[in-house]
1. Does at least one position in the range A:59-74 carry a residue that is within 16 Å of the chain's Cα centre (by Cα) and more than 17 Å from A:L494 (Cα to Cα)?
2. Restricting to the range A:188-204, count the residues that are over 18 Å from A:G495 (Cβ atoms) and in a helix (DSSP H, G or I).
3. Have a look at A:F196, A:F213, A:F273, A:F234 and point out the one that is over 25 Å from A:A329 (Cα atoms), among the hydrophobic types (A, V, I, L, M, F, W, C) and either more than 16 Å from the chain's Cα centre (by Cα) or at pLDDT 95 or above (or both).
4. Among the listed residues A:D156, A:D240, identify the single one that is charged (D, E, K, R) and at pLDDT below 90.
5. With (1) assigned to a helix (DSSP H, G or I); (2) over 21 Å from B:A337 (Cβ atoms); (3) in contact with a helix residue (DSSP H, G or I) (Cβ under 8 Å, 6 or more places away or on another chain) as the list, and B:L375 as the residue in question, which single condition is left unmet?
6. Could you check, for the range A:392-409, whether at least one of its residues is crowded, with 24+ Cβ neighbours inside 10 Å, in contact with a strand residue (DSSP E or B) (Cβ under 8 Å, 6 or more places away or on another chain) and in a helix (DSSP H, G or I)?
7. Condition (residue is away from every other protein chain (no Cβ under 14 Å), modelled with pLDDT under 90 and part of a loop (DSSP other than H, G, I, E, B)) applied to the range B:203-217: is it met by at least one residue?
8. Take the range B:165-193 and flag every residue that is touching a Gly at 6+ places or on another chain (Cβ under 7 Å) and not small (G, A, S).
Amino acid sequence: MTLADSIPTPTIDWFAMSPALTLLGASGICLLVAVLLPARARRIVSAWVVGAAFVGAFVFAAFLYDKSPHPEEVIANEVVRDRLGALTALIICGAGLASVGVSWRIRLRAHVAEYYALLAAAAGGMCFLVTATNLITLFLSLEWFSICLYVLCAIDVDVEGSLEAGLKYLVVGGFGSAVLLFGSALVYGATGEVGFSQIAQAISAKDLVHDPFVVAGLSMIIAGLGFKASAAPFHMWTPDVYEGAPTPVTGFMAAATKATALVLTLRLLTTAFPAEKQLWTIALAVIACTSLAVGNLAALVQRNVKRMLAYSSISQAGFMLIPIAAGNALGGRALLFYLIPYGAMSVAAFAVVAARERELGTAVTFDNIAGLGWERPFLGVALWVCMLGFAGLPLTGGFVGKFYAFSAAYDRGWIWLVIVGLVATAVSLYYYFGLVRAVYMRSPAGIGLAPAGGQPPRELALQTAVFGCLVVTVGSFFFVEPLIKLCRMAAESLGYPF
Amino acid sequence: MANGWLTDTLILLPLGGAIFIAIAPLPRLAAGLVALVLSLFEIAFWGGALSAFDYNVGASSIQLQDRATWFGELGISYHVGFAGFALWLVGMSVIVMTAAIAYAVWVGRDHARAYFASMLLLTAALVGVFAAQDYLLFYVFWEAMLIPLYVLVGVWGGPGRLRATLMFFIYTMAGSLLMLASIIVLGISHGSFDMTTPSAFDNSTWIFLGFMAAFVVKAPIFPFHGWLPEAYREAPAEVAGVLSGAVSKAAAYGFLYIAVIHFPGPTHDLRTPILVLAAIGLIYGSLLAFRAPDLRGVVAYSSLAQLGLITFGVFATNVAGLNGAVLQMVNHGLISAAMFMLAGLVELRTGTGRFDRLGGMAKGRPALATVLMTLGIIALAVPGSGAFAGEFLILTGVFTSGWGWSVVGAIAIVLAAMYMLRLISAVLHRSKGSAVPEGARDLRLAELGLLVPLVVLLVFLSAWPAAITDHTFGQTDQTPALTRLR
């Protein structure tokens, strides 16, 4: 009898992990590309490999969604194979694929292959994280994708703020992770369990609802996840990091990181802490209101477009916390639905900024974006659609998302939260439409466009990615029925114990 | 569901046209002509809808319906159709939009594809507002109106356009969001957003006020008109015409179709305050129009006054008042669109709309004088004109609520005569103004081509106002739409 026989090894459901594994594999190939291929081939090969991996992971996730009507815990109860995880993986992979298109012409002096490797690895970590079903897996995969993102933020050493962004993200994100870990430890200490459903059982069995360790642990976990979702008051890193990171990375972070963190919050709170619902619904409602207030008010005065979008993403986090705070089945699918157009709009908005940045060779502000609408009609329209979507106006999926979010809050009986959301929407219109005003209604006098002379390079990959995002943004307005069905079946895998 | 395709076409034709013009690489003139042809087709389809509509079935029946599930789990559907009176507003709107597009083709707006795509999008949204039979769909079209208007004023407007769009936008969105809150509460608590199901009727005052917030801002009703003077002055002339002619009628339609018909209880309770605001707006708007220093100012403030009068008719909540209100909506839509375009044409010739620099334009310009004179006379409700018929019906209707209201209305009609005659004399008569160049041309053939149809329609309605009033709410208070009001 060997040692291996005496230690029981779990059966591994490779299919459940296929999206994450595909992306990890691509990441490994890119790292080999970085050392084996000549410098000029690295960009093209690694971009294609990672792009193909995102497509592959998307397809795997789609199959996974189809084949997992009933959630089941696999691999020694470390991860759960269900539709919620699969749908989120679809969103992450979609955002990732679009980001590859946006990154195509990224101006990196070196480490292009590593850039794509990290992008794929980060997305793999996210796909894995949303299937986590115990606190250990949660923390491991959270660190997995966070570390990738720390490096991605700092990878463009030529940009002044890039290193600062990476460092700031590292320090603050590390702090957030520590808080999350400490909270997990408290919960484990009180309940003796790390699995989500086991925690829930322990809380109800041992009557730990008001146990100070559980409550403190829960609040620290919420705070830790708040850091990742960049919800106020855990948002301090967001503007600087969003501004300093390479713009395609910012777009990916805004879309995918937020989706991951919010879906994980939803899963953790509904499956591990159903008994504490009274507590966390109110806590999340407060965080949502804070995010809406801070994000909106700070965004009003921004002149740098990336910073404005960063604050807008904080306020969007507030909007997306509303359905989680509602704590009902309607809220679950509202969040998932919201994430679909939101992810597309985020990537597209930052893609337009990236294109303008490459054209001007400097940071994009409200002043030097003037005239974009007439010079680059497609990008102008794209930016406009994104702003309409963020503002939640009709003809974009953002409207349906907000409508669902508010409906969930009303269904919970919290009409005050609906009012707060509507007031926040009203305030947000000022800066979203302020950007449209800058793009279309200001004359671009005094901006030295294309200083080298001639046309800027055609960005076919970027424009294709933006077009895809627009299709999703507008399509999710018209085809609500099939999408909400996907979201409903995904949210049902949480079972909604209350 | 018979003939529902006509309603769909009325919405989708301009929408598709907008997308086509935005995408197809057309030169300026071609883009404008495509838009013009499409909007002429739109008028033809409206004619088809009118002939397919059976006015004998019952005044409140929704006809030409079509329905498709949009998101079924919350009971929201694409449900469109027309009430009898709504069809007249659709007709007025598509005619005004066509005239405005023709005007824009004539003056040659730059960034033509964006411009005409926006105009067609606005047409689709306007028709959609009048057709929607689902609260959320109504909201969608309502908001969709704002998107093209924002650029139309903001890009092609005058020097103060940025401030004007900001004011317009903040005012209207504040109102719209309150309406959205009402719609969410109404729809989620009833489990359906359909306007035609019995559960769509509600007597909650708060919900009613949420809807009213959106309508009083868009109309506008005193004291929610802060955005009006700047938006009407800074917008391109034809867009100002569309704003005051057609878009404000969407709000009046909201008063009538949503507030009065779907919320009889709160309408009854809050009628007096609403009538008071309308009365103040009526008198105040008329006085401001009399004092306004320029052409557009007069038309803008007279719009405020006329909307007050229409609100009178709507909240009289009887057949005479409602019939008069609908007739007056159509009249005012045509008049104010034509007036703004005429103001635009005068501005093109003189570079200003200020009265102290205009004058004496009648001499040697018979066409201009005739058109302005005819319009002005119809606008000031000379007996025999369509506007007179409308105002008379409104005053008759509101008389049942108290004779005082009718007195206010009658005073306003006198004031209307004052400001209109002042406008006419300031532009046409008196000595030649400093801004009027010697060679300023008379209205040209194309300009007549877009103004004369509007004037002809007004003359037609003067001759036969019953064309509309006999085809709205019928003659008695027994129509199902109104029985719930009593």
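The values are calculated or read from the model by the stated rules, or taken from the named source; none is laboratory data. Keep in mind it's a predicted model, so treat the numbers as computed, not measured. Cβ sites come from the backbone with ideal geometry, for glycine too, and all protein chains shown count toward neighbours.
1. no
2. Here the count works out to 4.
3. Numbers: A:F196 fails: over 25 Å from A:A329 (Cα atoms); A:F273 fails: over 25 Å from A:A329 (Cα atoms); A:F234 fails: either more than 16 Å from the chain's Cα centre (by Cα) or at pLDDT 95 or above (or both).
That would be A:F213, the only listed residue that is over 25 Å from A:A329 (Cα atoms), among the hydrophobic types (A, V, I, L, M, F, W, C) and either more than 16 Å from the chain's Cα centre (by Cα) or at pLDDT 95 or above (or both).
4. Residue meeting the stated conditions: A:D156.
5. With (1) assigned to a helix (DSSP H, G or I); (2) over 21 Å from B:A337 (Cβ atoms); (3) in contact with a helix residue (DSSP H, G or I) (Cβ under 8 Å, 6 or more places away or on another chain) applied to B:L375, the lone miss is (2).
6. Yes, the conditions are met somewhere in the range A:392-409.
7. yes
8. Once the filter is applied, which keeps residues that are touching a Gly at 6+ places or on another chain (Cβ under 7 Å) and not small (G, A, S), the range B:165-193 yields B:T165, B:M167, B:Y171, B:L178, B:M179, B:F193.
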